[in-house]
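In what follows, a single structure is set out as structure tokens and then discussed.
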């Protein structure tokens, strides 16, 4: 009996000596997985999941695996707020991630969802000044601002003699922020804004905007719009005889435009990008993503700019978790992220300041060629 008790105690001691597995780190995402921005939400999520898969395969961060919990808001502002509160209550995520839309993020800030929960939000699919200059200490974006994208467009085309600009914009906080930036940028460059025309969010009803802009005969049209509306605007504008150079912000996905309207109609459309070319091998971050994409083989997605953006944002979140230590809290994570200065994420540098939470400033301009491929 004594020997049996000794063996039992010895086994119990061994069991107790085995360290308990660290709890998963839950990250919550609210994004459009239905409606016109489905590809955007899907590819942002896929990029984050690809990073999580790679990290988890290597043992996690401080022994904790990363787990992504997603909800579909259909790009509808009230749903973003409702689902964020629901997700925070039910899944208790350490951070929120990858929320899409200027109005959607603005609503979270206005309703004080982040402040009340004390939860960081890392990576947002908006570069609006109302967001990145909001001063909210819980917000950490990972892309250049729309103002920086538009400055790049105006500077690029001003150098080749373009003076007459028009703006096609989504008539909501996203589009109006871009319109204000375009007005300021064109004025600063000594150009003229000859037309501005909007369309309703979550629609492709662009006929009135097409007519207003073609009548003004601009040399270049700055498009503050999302993919579906951008594609329809370009298609109808070509038919209407608009010979201007169309330049869309990074919110437009070039390959999806080609899918919607064909290579001939899409040819010549320029698009700003806030992450490097997914097809190159020169940038270490892109090589890392390409290698992990080949290794983990995510299904139903392409290795495109939006996936890159999701991966980059997840990598910044991962760096924050490393710096926060083995027992992270939401506040520890926020404080760790706030200390990031000139962090090299693989050829891209991220910094946060109290008065600017855009994180990054990379902007490039690409153009769709006759084969429907994006070229620098």
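Relative contact order for the range 147-273: what percent, with Cα pairs under 8 Å and sequence separation of 6 or more?
Working: 233 pairs, mean separation 31.4, N = 127.
Across the range 147-273, relative contact order equals 25 percent.
With the convex hull of its Cα atoms as the shape, the range 18-128 has an orientation-averaged projected area of 7.4 nm².
Percentage of Cα-Cα pair distances in the range 67-204 greater than 22 Å, rounded to whole percent? Distances greater than 22 Å cover 44 percent of the Cα pairs. Helix 146-158 and the longest principal axis of the C-alpha atoms of the chain enclose an angle of approximately 40°. Panel order for 196, 112, by other beta carbons found within 10 Å of each beta carbon, from fewest to most: 112, 196.
Dividing the convex hull volume of the alpha-carbon atoms in the range 186-287 by its residue count gives 126 Å³ per residue.
Relative to the dominant Cα principal axis of the chain, helix 284-296 is inclined by about 60°. Listing 53, 253 from fewest to most neighbouring C-beta atoms within 10 Å gives 53, 253.
Count the DSSP beta bridges whose two residues both fall in the chain, then state the antiparallel fraction as a percent rounded to the nearest 5.
Values: 10 of 44 bridges.
Antiparallel bridges make up about 25 percent of those DSSP assigns within the chain.
Order these peptides, 55-63, 267-275, by their mean beta-carbon neighbour count within 10 angstrom, highest first.
For the peptides 55-63, 267-275, the packing ranking is 267-275, 55-63.
Taking only Cα atoms, what is the 0 to 90° angle, nearest 10, from helix 77-91's long axis to the longest principal axis of the chain? Helix 77-91 sits at roughly 10 degrees to that axis.
Across every pair of different alpha-carbon atoms, what Kirkwood hydrodynamic radius in Å does the range 269-376 reach?
On the way: mean 1/r = 0.0647 Å⁻¹.
One decimal place: 15.4 Å for the Kirkwood radius.
Of the peptides 91-101, 236-246, the order by per-residue mean of other Cβ atoms within 10 Å, starting with the highest, comes out as 91-101, 236-246. In the chain, helical runs assigned H by DSSP with n ≥ 4 each contribute -39500 (n - 2.57); averaged across all residues and rounded to the nearest 500, the mean residue ellipticity at 222 nm is -14500 deg cm²/dmol.
Enter the Cα centre distance for the pair the range 265-327 and the range 64-128, rounded to the nearest angstrom. When both Cα centres are located, 21 Å separates them. Packing-based ranking of 323-334, 163-174, 224-235 yields 224-235, 163-174, 323-334, ordered from highest to lowest mean Cβ neighbour count within 10 Å.
Which shape class, rounded, prolate or oblate, goes with the range 26-82 when its Cα gyration tensor gives a ≥ b ≥ c as root eigenvalues, a/c under 1.5 marks rounded, and past that a/b bigger than b/c marks prolate?
Numbers: a/c = 5.17, a/b = 2.08, b/c = 2.48.
Because a/c hits 1.5 or more and a/b fails to exceed b/c, the range 26-82 counts as oblate.
Read-outs throughout are calculated quantities, based only on the coordinates presented, and are distinct from any laboratory measurement. Being a predicted model, the structure only gives us computed values, none of them experimental. Cβ coordinates were reconstructed from backbone atoms using ideal geometry, including for glycine residues, and neighbour counts include every protein chain displayed.
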